[in-house]
Each structure stands twice: as C-alpha cells, then as structure tokens.
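Written out below as structure tokens is the structure these notes cover.
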Amino acid sequence: MANYEQQVNDFMAKVIAKNPGEVEFHQAVHEVVESLIPFIEENPQYREAKILERMIEPERVLMFRVPWLDDKGVVQINRGYRIEMNSAIGPYKGGLRFHPTVNLGVLKFLAFEQVLKNSLTTLPMGGGKGGSDFDPKGKSDNEVMRFCQSFMTELQRHIGPNTDVPAGDIGVGGREIGFLYGQYKRLRNEFTGVLTGKGLEWGGSLIRPEATGYGATYFADEMLATRGSSFKGKTVVISGSGNVAQYATEKVTQLGGKVVTLSDSSGYIYDPKGIDAEKLAYVLRLKNIKRGRIKEYAEKYKVEYIEGKRPWDVKCDVAMPCATQNEINEEEAKTLVSNGCIVVSEGANMPSTPEAILVFEKNKILYAPGKAANAGGVAVSGLEMSQNSMRMSWTRKEVDERLHQIMRDIHSTCVKYGKQGDYIDYVKGANIGGFVKVADAMLAQGVV
Ligand code: NDP
C-alpha cells in the first residue's frame, strides 16, 4: 500500500505543478487516481500507454470573451469556456454552468468527472463541460437572452451534433437552453440535436428535466436494497432547490420517503411534515418562474428557516446533496453519521469533501459519488440525442424505464468493481467501472 501511496503522491505532485491553482481539479483527480493506481498496476497495458496521464489532459480548452449589453445599455464582459476533455467513446458531452464561481479549475474538474460518468451510462458519449462566470441571478430575461446569444455566437463554431453536445447545469435551465439553441440555429441555419435539455416542442426528451433527481433517487433505492431496505418511511434531507433537488424530492416522495429540507445559497428550510406534491409545486413555481428565494417557502408554510446554514444537522436516514461542490465537510459528515444517516447519494457533483468521504467510508455508510448517482441526467441527454438522430420521440414511460435500467446497471457496475467483503466501495467501483471502457477505446485508437 505504501508503494501505491507514493505513486499517488508523485502523480499528484506533477498534476499540481502543471495545473497551478486549480484546486477543484486537483481534488477530483486525486480521488480518481487513488482508486485507479492499484488497478493500473494489475493491468500494466494502461500504464505503458500512459492512459491516465492522457486522460487528465483535456483534448482542447476554449476560452473566450462574452461581451453583452445590460438593460441600461452598459457594456458587460464575461468569460466563456468549453473544456473538450475526452472523445474516445463519443462526441464531447456535458453541461454548461453559469455561476460567478466558474473558473478553469472548476470546469476541468467537472469535465474530468464527466468522462467517467458518461462511460458508466454505457451510452456512446465522451466528456466535456463549459460555462461562464455570468450570474443569471437578478438579471432580466432580456439580459439573460443577450448574454446567451453572445455566448453562443462564439461557442457555435466549436460544437455540433457529432462533435460536442452541451446541456444545462447550475444556472442553465430550460430558459437558457432555449436562448442558446435559438442563436445556434440562426447562425448555422440548421435544426439539429446540438444541445440537450431542449423544450418538448423543439426536440427535447420527456423526463430530461426530471432525470438527474430521479436517477439519484433510483440509485439510492438500489443502495438501500443491498441492506434489504427501501425509501418507505425514511426521512430524507436534500440540499439545493434547483433542478436536481426538485425532482429528487418528487421521486423520494413517490417512493414513500419524506423530504424535510431544501436550501439555496442563503439558507435552508426545515419542514418536519414533509414536502409533499402540493408544496413541491409551489417550490417549482417559486424557483423556476418567480426566481425567488427558498426563505419564501418558510413564510408561506410557517416552518423554520435557518439563515446562512446547510441542512446536514437535521436528523435523517438518507442525505442527498443536490446543490454544489464541497457542500458537506468533515464535521457535517460526522453529524450525519451520528444522527443515524445510512445512505448518501450525491445529486450534485463532488458535494462531499475528501475528509467527509473518509468519514462515510470509515463508518460503512452507503456512499455514492456524483459520477455514479447523478449520471441519470446525462443518460437521458444521451437518449435525447438518439431520439433527435432518429427524428422520433419516446413516451414518458419508455424514457423513465430506460433511465431506471441505466441506474440499476450503473449500480451493478459499482458493485462489480467496488465490492470489498460485505462493503461496497462505490467510489472505487465508479472510478474503475468508468475508466475501463474509455481506457480500452484509447488503447485501440493509438497515441492520439
Ligand atoms: P440549479 O441551478 O437548478 O440549482 C442549483 C441549486 O444549488 C440552487 O438551489 C442554488 O442556490 C444552489 N447552489 C448553487 N451554488 C451554490 C453555492 N455555491 N452554495 C450554496 N448553494 C448553491 O442547478 P442544478 O440543480 O442543475 O445542479 C445542482 C448540482 O447538480 C450541481 O452540482 C450540478 O453540477 C449537478 N448536476 C446537475 C445535472 C443536471 O442535469 N442539471 C446533472 C448532473 C449533475 P442559489 O439559487 O442560491 O444559487
């Protein structure tokens, strides 16, 4: 083991020297390398071809200026990015994030995770990620539209249905995808499946908005089943109140669980009676149309609102972080465990810090990393691409069944590569399971 540790440290020293300041990228690579180095030792063909060294280097990084005019006629300038990380098994695929915290390191971490995640879905998709430091919060619809048009004016030369197919992520929902698609179509004069998460009337897939939240819930259900349990009667704590959190809440409730929290970057609400279908409909209107704050839920339903805090000190059986990276630290992980939490299913990408993950693993909690648990979103994006190519649309039931089966298959892959005695190491399982297909494709394609 000491030898592996040394190899991991040596590898990481090079990564850090070559990518200074990209802390989230270092964190994501470290977690993967820890699982992979022992596996690569047993499979020297990957070491000799330097597959891992190649996988951490993006195939291409695009950075560009995004100038736009605000409602007062003042010029604003943001920075746009697209990381085309790996195309060994299919066109680059991954979301766009619009958030002030976006920078190169954040997007490289997300793109790197995306490569393994997309491989786990079994669909033919490479990995990419992009976005901007633009903050849609507080902007008018017209400002968001002008920004999206400017962003796409540059991005359109680099993407295409067989090259690179972006989707949504934080700050990029149906409204933004619509504006981006409109501009792409205008500039390229073609109606094609270049983005996923499109509206139903113009090439979108049923279940795509629900897919990430539903998928993370299906995955948690599979984990519970390994201990002969289910969501019935379970108390569930969810963070975030955006796309992923909303549909995780819906599916947990349908499966008999009770969701007692939701949050945004200002604080969280605690509703001990549970967020039922009617209250969730209010959240959807509040967040997706009115674009208000979660605090308003507390005012409407007369429940507690805890300002400036995250919900992890609320007692629960299942925790589903669905907001952002590094939102559960070591202390919060310890609190979850001591409060009796048995499952953590990550709807968000890398929401648990490395120290928090150690706490989960030490206490034999069923812990699923985002690249496995939240792969449902990109999986249905893959299904949207297939439907676009065939110029067909599947029913809600068909897509949901495919999504459910994909999540079961990802769970089986994690068990296959991650089972250690009576414990399933989902981190190891997801990392190795995602790696093998991409690595074999890279071996077959030569030194490219
Ligand atoms: P949304 O923009 O719809 O919602 C994000 C939610 O998280 C909001 O409630 C937001 O609060 C909160 N949030 C965002 N940044 C922070 C922060 N820095 N601190 C605290 N809270 C924050 O995004 P999604 O629901 O689409 O994405 C959530 C997570 O899921 C992300 O990690 C994303 O990468 C991941 N994911 C999303 C997929 C998808 O299909 N959409 C697919 C796979 C993963 P506020 O409004 O205050 O900012």
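The values are calculated or read from the model by the stated rules, or taken from the named source; none is laboratory data. The model shown is predicted, which means the values in this text are computed figures rather than measured ones. All Cβ positions, even for glycine, are placed from backbone atoms using ideal geometry, and neighbour counts span all protein chains on display. Accessible surface areas use protein heavy atoms only, side chains included; no ligands, DNA or RNA. Shrake-Rupley method; radii C 1.70, N 1.55, O 1.52, S 1.80 Å.
Give the residues of the stretch 58-93 that are assigned to a loop (DSSP other than H, G, I, E, B) and among the acidic types (Asp, Glu), sorted by residue number. Quick ask: steps written out before the conclusion?
The initial filter retains those residues of the stretch 58-93 that are assigned to a loop (DSSP other than H, G, I, E, B), namely 58-59, 70-74, 87-91.
59, 70, 71, listed by residue number.
Report yes if residue 135 is within 11 Å of the ligand (Cβ to nearest atom), open to solvent by 20 Å² or more (accessible area, probe 1.4 Å) and acidic (Asp, Glu), otherwise no.
Numbers: within 11 Å of the ligand (Cβ to nearest atom): yes; open to solvent by 20 Å² or more (accessible area, probe 1.4 Å): yes; acidic (Asp, Glu): yes.
It is true that residue 135 is within 11 Å of the ligand (Cβ to nearest atom), open to solvent by 20 Å² or more (accessible area, probe 1.4 Å) and acidic (Asp, Glu).
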Selection count where residues are open to solvent by less than 50 Å² (accessible area, probe 1.4 Å) and within 25 Å of residue 101 (Cα to Cα), scope the stretch 21-72 = 17
ask   = Here is a list of conditions, (1) closer than 28 Å to residue 103 by Cα; (2) among the β-branched types (Val, Ile, Thr); (3) surrounded by 21 or more Cβ atoms within 10 Å (Cβ to Cβ), and residue 343 meets all of them except one; can you say which number that is?
value = (1)
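Among 387, 405, which is the only one that is open to solvent by 10 Å² or more (accessible area, probe 1.4 Å) and in a helix (DSSP H, G or I)?
Details: 387 fails: open to solvent by 10 Å² or more (accessible area, probe 1.4 Å).
None of the others qualify; the one that does is 405.
Have a look at 273, 287 and point out the one that is away from the ligand (no atom under 12 Å from the Cβ) and not hydrophobic (A, V, I, L, M, F, W, C). Let's see the steps before the verdict.
Values: 287 fails: away from the ligand (no atom under 12 Å from the Cβ).
Within the list 273, 287, the selection yields 273.
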message = Which pairs turn up if I take residues in the stretch 345-366 that are in a helix (DSSP H, G or I) and look for partners that are within 16 Å of the ligand (Cβ to nearest atom) with beta carbon separation below 7 Å, at least 6 apart in sequence or on another chain?
response = 354/27; 354/31; 355/329; 356/328; 356/329; 356/332; 360/344
All positions within the stretch 83-118 that are on the phi < 0 side of the Ramachandran plot, more than 14 Å from the ligand (Cβ to nearest atom) and open to solvent by 10 Å² or more (accessible area, probe 1.4 Å) = 87, 88, 89, 91, 92, 104
query = Out of the residues in the stretch 190-217 that are without any contact (Cβ under 8 Å) to a residue 60 or more places away in the chain and not in a helix (DSSP H, G or I), which is nearest to residue 276 (Cα to Cα)?
reply = 199
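Tell me yes or no: at least one residue of the stretch 151-169 is assigned to a loop (DSSP other than H, G, I, E, B), touching a residue at least 40 places away in the same chain (Cβ under 8 Å) and of a type in the set (Lys, Arg).
Restricting attention to the stretch 151-169, the residues satisfying the condition of being assigned to a loop (DSSP other than H, G, I, E, B) are 156-159, 161-163, 168.
Now drop any that are not touching a residue at least 40 places away in the same chain (Cβ under 8 Å), which leaves 158-159, 161-163, 168.
From what's left, of a type in the set (Lys, Arg): none.
Taking every residue of the stretch 151-169 in turn, none turns out to be assigned to a loop (DSSP other than H, G, I, E, B), touching a residue at least 40 places away in the same chain (Cβ under 8 Å) and of a type in the set (Lys, Arg).
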remark   = Contact list, first residue from the stretch 384-412 and over 22 Å from residue 201 (Cα atoms), second anywhere and open to solvent by 40 Å² or more (accessible area, probe 1.4 Å) and charged (D, E, K, R), beta-carbon distance below 8 Å, six or more apart or interchain, is 407/222; 408/222; 411/222
